[in-house]
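See structure below.
The values are calculated or read from the model by the stated rules, or taken from the named source; none is laboratory data. Bear in mind that the values here come from a model prediction, so they are computed numbers and not experimental data. For neighbour counting, all protein chains shown are included, and Cβ atoms are generated from backbone atoms with ideal geometry for every residue, glycine included. Surface areas here come from the heavy atoms of the whole protein model, side chains and all, with no ligands, DNA or RNA. Shrake-Rupley method; radii C 1.70, N 1.55, O 1.52, S 1.80 Å.
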Amino acid sequence: MRSYEDMFRPTYEVYSVIGWAAGLVLLVLLRPPFWVLVAPVFMGLLVLRAAQAARLWKFRLSLSVYRISVVPVREFLAKSRLFRAKRKALYIGRGFAWGQKHAEIAQQIMDRNHDEIGDIPLTIKRVIEHCNEVPPGQRNPIQQAAAAAVNYLLPKDTKVVSDTAIGVPWIHGLAGEEEEDIGLPLDSLTGHTLILGTTRAGKTRLYELLVTQIIDMGSCLIVFDPKKDQALVTRMRNECKRAKRTFLYFDAARPSESIRINPLANWNNVSEPATRIGQLIDADGSFAAFAWKTLAIIQRALVAAGEKPNIKNTKRHVDLGIEDLAERILTLHFLKKHGPEWDRDIRNAPAGSNGGGKGPPGRLDLMIAKYIDEGDTTDAIDGVITMVKHSKEHFSKMIQVLQPILEMLGSGEIGELLSPDPSDLTDKRPIYDLRKIIDQKAVLYVGLDSLSNKIIASAIGSILLADLASTLGNIYNFSTPADVYMLIDEAAEVMNDQATQILNKGGGAGIKVFLAAQSVSDFTVRYGSSDKAEQVLANLNNLICLRVRSDETASMYVTKLFGKTSTRVMETGYSTGSESASSFTDFRSNVSKNLRSTQVELVNPSLLTRLPPLQYFAFISGRSYYKGTLPLIE
């Protein structure tokens, strides 16, 4: 059984060191008989007690100062390549396996007042913090001594920095000398990864580590960034230039710098484009069903007319009516069936149609009557005839839920970005679709600009995710698995049912997803259902948790994943007393010690809310618990 030690007791070993040192000096000065034989014993005990005191001080120092690792990018790339070759994993910093003893010491610290922990003097801390800022050849004796102490007392490759205003340093200080490199096994990434962290906790810096390695690996990478972090864009652009990779930039707020993407380009069934737009509609029941039906009829008719469906041409027919499209596909039908003279009997009819209303029938009415009289049946034509004959007043009411989303995505500069026209030779911006991006193993950054326009940002992200789900389904059914990584920051802003399907079934197509959020409640709010949010969370097998502020996230989700352990507490009891029948000088006393064990969380929720920036707890592959810290790429 592991021995119990209170790491915050007074350093009693110092008194022993002083005593043995004094005894050794007296032996040397007095030189009694056999002193030569006794002196090594004194020296050995002195060294033993000094080592024990140094171990305690080293532990105290590790709890008292912040430190980070700053790595030049080329050095980081070399290290990550070696790490992938040896460990088959993505490097995510240094740390240690979190276990029972760390939970026990953390509990000891939290059970004490701050002044009982035994912090090192502030003056010494300031010297230590600044000693690494001075080049070795320019250090004064005090700074040289401080640097030597840091090199001995703290893990290697770390830089001591001034205290931040956030978090406490002692959590990672529990590592002692146990620090090692931590990685996400590549085989586990198809199980997808959840990254939790509040604002300024380090989520974007973690993404920088990941994208740098993924780009260096040569894999396809798709990044959705609602808040558009410029440091992340710069990192991706520079790494693509370094690795000679294709970098694609999509930004609704900067259309002149953006590529164009058609999110309705890839589908296996003609009803899929309607579903991608329909799932963005904020409606239920008959309104949502009618909107989907309208989209499906229009887009099926566009395909029948030889035109590729996109958001812009779908919007046109929803706004202006389907009569011209109905006339086009009926014309194609009759031309194929009867030849160029098919309309001899209706050439003099007036153009257009009143949709069966009062007045003489128009050309379209006659075409519809001819189609019905001939007894033909085609899904596309039958659908448009139904819409033409539908009550205009009722139709306009039922599609009110559809028009806002089409207006958002199909008009103005955003409409040009999401409904690219290949025949427009004046627009030099390249046109892509997600299948093409995956096949070319390109790197795509999607800036959603949610700070300026959250509604449109959410709609763009959602429809691109729906397109990706369909593309992955096609890869899964008809191709070999791709090598695709997808990173979504502030994921709850763009999640939809198709994104859940990507998590649930996309691993078979080769996609590895990283979702970042501030709390698990974000998913509940997005989906409007805790059950649907649980569907998302159940598909995320790896967890990296930086500092969080949500009690539900800390105590009800993360802490539960880490489970419980036993910690031991030393209880000391004192009693004294005397009996009146005895002499007043007689008394009795008793001192008792009891080592008690109790069940606690392996990771206390308060630890998750007190982490400094760039520090995290990780649950990897459903089996390993780590406390780690992220390096900064210089």
Are there any pairs with C-beta distances below 6 angstrom linking a residue in the range 227-248 that is among the β-branched types (V, I, T) to a residue that is surrounded by fewer than 16 Cβ atoms within 10 Å (Cβ to Cβ), with the two at least 6 apart or on different chains, and if so which?
-> none
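Listed here are the residues, each with its yes/no results for (1) polar (S, T, N, Q); (2) at pLDDT 85 or above.
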| site | (1), (2) |
| --- | --- |
| A50 | no, yes |
| E75 | no, yes |
| R87 | no, yes |
| W98 | no, yes |
| N113 | yes, no |
| R139 | no, no |
| A146 | no, no |
| K159 | no, no |
How many residues does the range 529-568 hold that are open to solvent by less than 10 Å² (accessible area, probe 1.4 Å) and assigned to a loop (DSSP other than H, G, I, E, B)?
-> 2
Scanning the range 508-528 for residues that are in a strand (DSSP E or B) and β-branched (V, I, T), the one nearest to the chain's Cα centre (by Cα) turns out to be V513
Cβ-Cβ under 9 Å pairs, at least 6 apart or on other chains, the range 561-586 side over 30 Å from R623 (Cα atoms), far side at pLDDT 70 or above and surrounded by 10 or more Cβ atoms within 10 Å (Cβ to Cβ) = S575/R588; T576/R588; G577/R588; S578/R588; E579/R588
Filter pass, V28 being modelled with pLDDT under 90, over 30 Å from S621 (Cβ atoms) and open to solvent by less than 60 Å² (accessible area, probe 1.4 Å) | no
Go through the range 37-76 residue by residue and tally those that are hydroxyl-bearing (S, T, Y) and touching a Leu at 6+ places or on another chain (Cβ under 8 Å).
-> 2
Within the range 260-288, the count of residues that are among the β-branched types (V, I, T) and outside any loop (DSSP other than H, G, I, E, B) comes to 3
Within the range 380-399, residues at pLDDT below 90 and open to solvent by 10 Å² or more (accessible area, probe 1.4 Å) come out as K389, H390, S391, K392, E393, H394, F395, S396, K397, M398
Conditions (1) open to solvent by 40 Å² or more (accessible area, probe 1.4 Å); (2) touching a Leu at 6+ places or on another chain (Cβ under 8 Å): number failed by T234 = (2)
Only residues that are modelled with pLDDT of 95 or more and either buried (at least 17 other Cβ atoms within 10 Å of the Cβ) or out of contact with any Phe, Trp or Tyr (no Cβ under 7 Å at 6 or more places or on another chain) (or both): list them for the range 247-257, please.
-> F247, L248, F250
Take T331 and decide whether it is closer than 22 Å to I414 by Cα, in a helix (DSSP H, G or I) and out of contact with any Ser or Thr (no Cβ under 7 Å at 6 or more places or on another chain).
-> no
Given the conditions (1) closer than 28 Å to T212 by Cβ; (2) open to solvent by 10 Å² or more (accessible area, probe 1.4 Å); (3) part of a helix (DSSP H, G or I), every one holds for K370 apart from (1)
Which ones in the range 560-590 are farther than 30 Å from W98 by Cβ and modelled with pLDDT of 75 or more?
-> N590
Test each condition in (1) within 16 Å of the chain's Cα centre (by Cα); (2) assigned to a helix (DSSP H, G or I) for K241 and report the one that comes out false.
-> (1)
Odd one out for E407 among (1) open to solvent by 60 Å² or more (accessible area, probe 1.4 Å); (2) under 13 Å from I259 (Cβ atoms); (3) among the acidic types (D, E) | (2)
Among the residues listed as G473, G447, the single one being surrounded by 21 or more Cβ atoms within 10 Å (Cβ to Cβ), under 17 Å from the mean Cα position of the chain (by Cα) and over 30 Å from M556 (Cα atoms) | G447
Of the residues S219, S188, which is modelled with pLDDT of 85 or more and touching a Ser or Thr at 6+ places or on another chain (Cβ under 6 Å)?
-> S188
Of all the residues that make up the range 46-92, how many are assigned to a helix (DSSP H, G or I), open to solvent by less than 40 Å² (accessible area, probe 1.4 Å) and of a type in the set (S, T, N, Q)?
-> 3
Given (1) open to solvent by less than 40 Å² (accessible area, probe 1.4 Å); (2) charged (D, E, K, R); (3) out of contact with any helix residue (DSSP H, G or I) (no Cβ under 8 Å at 6 or more places or on another chain), number of the condition E208 does not satisfy | (3)
Select from the range 289-310 the residues that are open to solvent by 30 Å² or more (accessible area, probe 1.4 Å) and part of a loop (DSSP other than H, G, I, E, B) and write down the one among them that is farthest from G461 (Cα to Cα).
-> G306
Identity of the residue in the range 373-404, of a type in the set (S, T, Y) and part of a helix (DSSP H, G or I), that ends up farthest from L330 (Cα to Cα) | S396
